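These notes concern the structure reproduced below.
Just so it is clear, none of the values below were taken in a lab; they were calculated from the coordinates. Just so it is clear, the structure is predicted and the values come from calculations on it, not from any experiment. Quick reminder, even Gly has a Cβ in these numbers, built from the backbone with ideal geometry, and neighbours come from all protein chains shown.
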Amino acid sequence: MNWLKYALEKSFFGVCSQLADKMQISTKSVRLSFIYASFFTLGSPIIFYLVAAFWLNIKRYSQERRTRVWDL
């Protein structure tokens, strides 16, 4: 079951789990609140989700350690 959870987190950029870790609450409650907010506001939190996914991807990329000049 853990491998399925890990695969889903990787495929959805890990935005909800990252927010839950920062706020120190359960990931399930963040996901549910995101789903409820999406239904009530007709999908406008999806823009926030995409921006957060982009930001986390840039953050991960910038934190990679490069040991050589040719590792671009």
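What ranking do 38, 26 get, fewest neighbouring Cβ atoms within 10 angstrom at the top? Let's see the in-between values first.
Working: 38 15, 26 11.
With the fewest neighbours first, 38, 26 line up as 26, 38.
So for the pair residue 57, residue 1, with labels modelled 7 Å out along Cα→Cβ, what separation do we get in nm?
So the two model labels end up 3.1 nm from each other.
List the equivalent ellipsoid semi-axes of region 2-62 in whole Å, largest first, each obtained as the square root of 5λ for an eigenvalue λ of the Cα gyration tensor. Don't skip to the end; give the middle numbers.
Numbers: eigenvalues 70, 47, 26 Å².
Here the semi-axes work out to 19, 15, 11 Å.
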